[in-house]
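Here is the structure we will look at, set down as structure tokens.
The values are calculated or read from the model by the stated rules, or taken from the named source; none is laboratory data. It should be emphasised that the depicted structure is a prediction, and the values quoted were computed from it without experimental measurement. Quick reminder, even Gly has a Cβ in these numbers, built from the backbone with ideal geometry, and neighbours come from all protein chains shown. Protein only, heavy atoms only, side chains kept; ligands, DNA and RNA dropped before computing areas. Shrake-Rupley method; radii C 1.70, N 1.55, O 1.52, S 1.80 Å.
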Amino acid sequence: MTDTHETTDAHEVIVIGGGAAGLSAALVLGRARRRTLVVDAGEHRNAPSAHLQGYLSRDGMSPAEFLATGREEIARYGVGLVRDRVVEVSRGFGVTLESGRTLRARRLVIATGLKDELPEVPGVAERFGRDVLHCPYCHGWEVRDRAFGVLATTPLSVHQALMVSQWSKDVTFFLHTVAAEELSDEDLRRLAAAGVKVVPGEVAGLRVEDDRLTGVRLADGSVHAREVLFTAPRAVPQNGLLVQLGAELNETPFGAYPVVDATGQTTVPGVWAVGNAMGFAEQVINAAAGGYRAGATINGELLMTDLDAAVQV
């Protein structure tokens, strides 16, 4: 465990998760002179990527550099950072760390994100974030006009195959474990209109030469020359702490996420969820914006709570 700055066991706000959303919330709270601590287990979803894209003024920056810059910024305002894992939280906002330390806070920000479970195809996990990709908005420009493959994980993967055709006109859709009859007539018409080739049969692995993806190998032994493979991982929300707190969750096709208002406040008073902890589709720029909104809301709520208490004295 590594701590930065003096930290006490009592804080006004504890932010659990040190990604874009958590650091953004902490930055706002620190600038508002709130005694704030970030607890970060260091498991960031975009760590395998060489760069992040589509974030105005930060386009092309590596995720590691982005987070390092964010940590430097919160430090300027006295926000503490603890490298540790939160294992338990209570409704009274007691926070127990894996190291055994117990902290307390008046408000909590849950920014624990989600994990990607990749298809169990040999080579996919090893090349994820390089030439095995999941998001065309994140990586499409960098691989434009190459030979794309799309590895289906569910019938919903049709949408991904259609989307990536915006970045290349050479797209092959590998059905893998999805049966051809699971595709609707509308799916087939759209795939044909986009020029996407549909290939049935299970994918057995990837062909890699000179540390580059060169093909997709089917179980029948045939190999289709491809340079890039898109696939949609199964999103696994890291919602265990929200469950402990009793937050209401909403079941979606992409997992269970907390019911939140426009500021990220959950159904548990005093608890906010931001970034991928509150939704599957939050990109880095959205996550940072959500963290900012939550931080500003929490500061205002604490201010009014304290003023109302003072009036009652």
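Once segment 35-60 is narrowed to residues that are modelled with pLDDT under 95 and open to solvent by less than 30 Å² (accessible area, probe 1.4 Å), the residue that is farthest from Asn299 (Cα to Cα) is Ser49. Selection of first residues in segment 258-270 that are closer than 15 Å to Ala111 by Cβ and open to solvent by 40 Å² or more (accessible area, probe 1.4 Å) and of second residues that are assigned to a loop (DSSP other than H, G, I, E, B) and of a type in the set (Ser, Thr, Tyr), restricted to Cβ pairs under 8 Å at least 6 apart or on distinct chains, gives the following pairs, ordered by first then second residue: Val260/Thr266. Of the residues in segment 119-135, at least one is in contact (Cβ under 8 Å) with a residue 60 or more places away in the chain, aromatic (Phe, Trp, Tyr) and surrounded by 17 or more Cβ atoms within 10 Å (Cβ to Cβ). Just one of the numbered conditions (1) over 16 Å from Val13 (Cα atoms); (2) modelled with pLDDT under 95 is not true of Arg91: (1). Take Leu114 and decide whether it is crowded, with 19+ Cβ neighbours inside 10 Å and at pLDDT below 95. Here the answer is yes, as Leu114 does meet what is asked.
Under the condition of being open to solvent by 30 Å² or more (accessible area, probe 1.4 Å) and either farther than 20 Å from Arg217 by Cβ or in contact with an Asp or Glu (Cβ under 8 Å, 6 or more places away or on another chain) (or both), the residues counted in segment 138-169 number 14.
Within the set Gly290, Gly221, Gly205, the sole residue that is modelled with pLDDT of 95 or more, small (Gly, Ala, Ser) and part of a strand (DSSP E or B) turns out to be Gly205. Pairs meeting the criteria (first residue in segment 139-159 and more than 17 Å from Gly201 (Cα to Cα), second residue open to solvent by 70 Å² or more (accessible area, probe 1.4 Å) and of a type in the set (S, T, N, Q), beta carbons under 9 Å, at least 6 apart or on different chains) are Gly140/Gln166.
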